[in-house]
Amino acid sequence: MTTLPKSTGRKLGLVIDLDICVGCHACAVACKEWNDGGSGGPLSDLAAYGADPTGVWFNRIHSYEVDGAGSGGCGGGSSGQTVYFPKSCMHCETAECVTVCPTGASYKREEDGIVLVDAETCIGCKLCSWACPYGAREYDQVDRVMKKCTLCVDRIYNDALPEIERVPACVSTCPVGARHFGDLGDPDSAVSALVEDRKGYGLMPEAGYGPVNRYLPPRARRDREQAAAVTLPADLCDDLSPDNRLLKWVDRLFSR
Amino acid sequence: MHPAYSVIFFTVASGAGLGLQVLLAALLLAGHVSPVSPVILTGLGLAFVLISGGLLSSTFHLGHPERAWRALSQWRSSWLSREGVLAIVAVGSLALLIGSAFIAPLEALRPLGIWGSLLLPLPTIAATAMIYASLKPIPAWRNGWVVPSYLVLALMSGALWLGAITAPFSGILPGQVVFALVSLVAGAVVKLGYWRRVDRPEAAMRATGLGPAGTVRPFDPPHTQPNYLQREMGYRIARKHAGKLRRVAFVAAFVVPLALTLLSIVLPHWPAAGAAMLAAAIATFGLIVERWLFFAEARHVVMQYYEGE
């Protein structure tokens with residue numbers, strides 16, 4: 001059934017700390033490794049060792065340069081910072097990837113809010129991927145069905161695993177502890193406290209999908225004022241724009 | 001968005017077929033023509049080929065076409081499912097109408113076929129348009145011009161194909177020419193309105209939420225090669241020719257067919273028939289370009305994560 005549950009018992013999701021993520025991609029690799037052999041697998045790769053490799057990934061790590069106010073460096077550059085930005089399914093409360101599904105293959109679980117796809121009934125029309133603003137849906141070109149993050153549903157309830165490992169693979173593997181897993185519907189949970197404390201936010205709330213995952217913003221940099229106050233020696237910057245007529249001519253020549 | 005040829009062909013062909021079906025049903029209800037006359041049967045046959053060919057083509061872009069029947073189950077929430085259900089009932093009433101001309105026991109059911117053909121095609125076209133108009137991550141489609149565009153363009157191409165069919169038989173009926181001219185003008189108006197709306201900059205959703213910290217620039221993509229999302233949503237080829245293609249679509253879909261339809265009024269029988277057929281063919285070409293642009297020009301918000309906010 002692709003109609004959404006009115007409310008879910010729990011709202012399981014991820015909290016991602018953008019302040020300490022180092023962009024190592026270990027979460028994406030661990031995700032691929034677990035799910036490749038898990039219930040949703042295999043996650044196909046095409047031309048994995050070729051010139052144009054492509055494959056199914058549930059987790060992607062973007063990185064961004066964020067310019068802050070400041071004027072350090074030559075040419076009035078900024079005291080910017082690099083932000084690593086892992087992104088996977090948000091397990092939205094109003095998951096329109098589910099409601100657009102014509103077959104009922106997509107569904108949102110009433111007990112914990114996890115959004116899943118039944119690979120046996122998916123027709124591979126890709127409409128769910130069009131309906132998702134976060135890019136969480138993947139088309140498997142070999143199985144010809146849609147696949148997505150399951151929040152490691154086959155790990156988190158798995159009695160065969162030691163209790164400490166009953167978290168999504170991405171959370172378990174993160175070497176810096178930038179990923180947290182828990183019930184974001186419970187105001188007393190550890191993840192909710194973290195979100196409260198660090199002013200965590202959901203992505204693109206304007207879309208109205210009610211994403212469950214939360215992002216903890218990078219902390220303000222302590223060295224920002226310091227960096228802004230540093231004045232570089234004038235000649236260091238001048239080297240980049242030669243005053244000498246001969247050098248200018250050479251510069252123009254090479255710039256052609 | 002990636003313009004899949006199967007979907008372009010589907011929306012243009014089934015749109016024209018469904019438009020033709022409505023107009024034929026209206027002609028039959030008005031009682032001007034017999035439901036078993038060659039001209040009506042030719043029209044119904046063409047509508048059937050266009051609609052069922054379009055529906056068949058729409059299954060080609062599926063990963064599992066053999067499971068397509070499952071798409072009829074979720075009409076409570078999914079516009080794609082509603083479209084499928086409506087299209088099948090619409091085609092069913094068309095088949096009934098055709099069958100009643102050849103199979104005597106079906107003759108009693110002819111009114112059902114006529115009323116179904118009158119009432120079902122337009123909701124089917126509207127459901128197709130709503131598949132696109134309901135997608136929040138694609139601002140170009142999420143506006144009030146999409147549903148009217150699909151409805152008007154379907155009726156317009158249906159009217160032109162009706163002209164192409166009736167002209168060789170009996171000459172074009174006067175009411176028919178008026179309808180074709182009005183629908184051509186209406187089509188031009190809704191398409192210009194849609195393009196104006198799409199070109200208007202709007203408050204975009206911000207992908208990363210990092211805005212308060214400063215300007216956000218993509219630094220390093222998640223993969224070395226383009227992934228599924230970039231191939232499906234990040235279609236950019238020939239977008240730079242969009243302006244030229246819009247002019248081609250506009251002239252072919254509206255201006256030339258309008259001139260040819262006007263010409264067909266004054267021309268004698270056979271040249272008029274030729275002009276009417278040419279009008280339908282050129283308009284269909286124009287609508288294919290228009291539909292290609294509908295997909296190719298639409299941007300998905302997920303691309304902000306790759307191309308910047």
The residue that is farthest from the other protein chains (Cβ to nearest Cβ), considering only those in segment B:234-249 that are touching a helix residue (DSSP H, G or I) at 6+ places or on another chain (Cβ under 7 Å) and at pLDDT 90 or above, is B:VAL248
Restricted to segment A:118-138, and to residues that are free of Cβ contacts under 8 Å to residues at least 60 places away in the same chain and not in a loop (DSSP other than H, G, I, E, B), which residue is farthest from the other protein chains (Cβ to nearest Cβ)?
A:CYS128
B:LEU119 vs (1) away from every other protein chain (no Cβ under 14 Å); (2) crowded, with 20+ Cβ neighbours inside 10 Å: all pass except (2)
Going by the structure shown, is B:ARG197 within 14 Å of chain A (Cβ to nearest Cβ) and either open to solvent by 50 Å² or more (accessible area, probe 1.4 Å) or assigned to a helix (DSSP H, G or I) (or both)?
no
If I ask for residues that are among the aliphatic types (A, V, I, L, M), within 23 Å of B:ILE8 (Cβ to Cβ) and open to solvent by 30 Å² or more (accessible area, probe 1.4 Å), which ones from segment B:73-92 would you list?
B:LEU80, B:VAL85, B:LEU86, B:ILE88
From the option list A:ASP243, A:ASP188, A:ASP197, single residue qualifying as modelled with pLDDT under 70 and open to solvent by 40 Å² or more (accessible area, probe 1.4 Å) is A:ASP243
Condition met for B:GLN225 (within 14 Å of another protein chain (Cβ to nearest Cβ) and either of a type outside the set (Gly, Ala, Ser) or closer than 30 Å to B:ALA276 by Cβ (or both)):
yes
Inside segment A:150-180, can you point out the residues that are in contact with a Leu (Cβ under 9 Å, 6 or more places away or on another chain) and part of a loop (DSSP other than H, G, I, E, B)?
A:THR150, A:LEU151, A:PRO168, A:ALA178
From B:PRO105, B:PRO212, grab the single residue that is within 14 Å of chain A (Cβ to nearest Cβ), open to solvent by 40 Å² or more (accessible area, probe 1.4 Å) and in a helix (DSSP H, G or I).
B:PRO212
Within segment B:256-304, which residues are aromatic (Phe, Trp, Tyr), open to solvent by 50 Å² or more (accessible area, probe 1.4 Å) and under 19 Å from the mean Cα position of the chain (by Cα)?
B:PHE285
Number of positions in segment B:274-299 that are touching a Gly at 6+ places or on another chain (Cβ under 8 Å) and either within 14 Å of chain A (Cβ to nearest Cβ) or farther than 25 Å from B:TYR5 by Cα (or both)
1
Please identify the pairs in which a residue from segment B:129-148 that is in a helix (DSSP H, G or I) has its Cβ atom under 6 Å from the Cβ atom of a residue that is open to solvent by 20 Å² or more (accessible area, probe 1.4 Å) and not aromatic (Phe, Trp, Tyr), counting only partners at least 6 apart or on another chain.
B:ALA129/B:VAL147; B:ILE131/B:LEU80; B:ALA133/B:VAL147; B:VAL147/B:ALA126
Candidate set: segment B:215-229, residues that are in contact with a helix residue (DSSP H, G or I) (Cβ under 8 Å, 6 or more places away or on another chain) and open to solvent by 50 Å² or more (accessible area, probe 1.4 Å); chosen: the one nearest to A:ASP140 (Cα to Cα)
B:PRO221
Does segment A:34-47 contain any residue that is within 24 Å of A:ARG109 (Cα to Cα), away from chain B (no Cβ under 11 Å), under 18 Å from the mean Cα position of the chain (by Cα) and of a type outside the set (A, V, I, L, M)?
yes
For B:THR124, state whether it is within 14 Å of another protein chain (Cβ to nearest Cβ), assigned to a helix (DSSP H, G or I) and touching a residue at least 24 places away in the same chain (Cβ under 8 Å).
no
State yes or no: is B:ILE131 within 14 Å of chain A (Cβ to nearest Cβ), modelled with pLDDT of 95 or more and surrounded by 20 or more Cβ atoms within 10 Å (Cβ to Cβ)?
yes
Scan segment A:181-193 and give yes if some residue there is in contact with a Pro (Cβ under 7 Å, 6 or more places away or on another chain) and assigned to a helix (DSSP H, G or I), otherwise no.
no
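Any residue in segment A:162-172 that is at the interface with chain B (Cβ under 10 Å from one of its Cβ atoms) and surrounded by fewer than 19 Cβ atoms within 10 Å (Cβ to Cβ)?
Step one: of segment A:162-172, the residues at the interface with chain B (Cβ under 10 Å from one of its Cβ atoms) are none.
No.
Specify which of the listed residues (B:ALA47, B:ALA30, B:ALA68) is small (Gly, Ala, Ser) and at the interface with another protein chain (Cβ under 9 Å from one of its Cβ atoms). Before you say what the answer is, go through the steps one by one.
Values: B:ALA47 fails: at the interface with another protein chain (Cβ under 9 Å from one of its Cβ atoms); B:ALA30 fails: at the interface with another protein chain (Cβ under 9 Å from one of its Cβ atoms).
The unique qualifying residue is B:ALA68.
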If you take the residues of segment B:149-183 that are in contact (Cβ under 8 Å) with a residue 24 or more places away in the chain and β-branched (Val, Ile, Thr), which of them is most open to solvent (accessible area, probe 1.4 Å)?
B:ILE172
The correct count of residues that are open to solvent by 30 Å² or more (accessible area, probe 1.4 Å) and either in contact (Cβ under 8 Å) with a residue 60 or more places away in the chain or aliphatic (A, V, I, L, M) (or both) in segment B:43-67 is 5
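The values are calculated or read from the model by the stated rules, or taken from the named source; none is laboratory data. Keep in mind that this is a model prediction, so the values were computed, not measured. Heads up, the Cβs are rebuilt from the backbone with ideal geometry, glycines too, and the neighbour counts pull from every protein chain shown. Just so you know, the surface numbers come from the protein's heavy atoms only, side chains and all, with ligands and any DNA or RNA stripped out. Shrake-Rupley method; radii C 1.70, N 1.55, O 1.52, S 1.80 Å.
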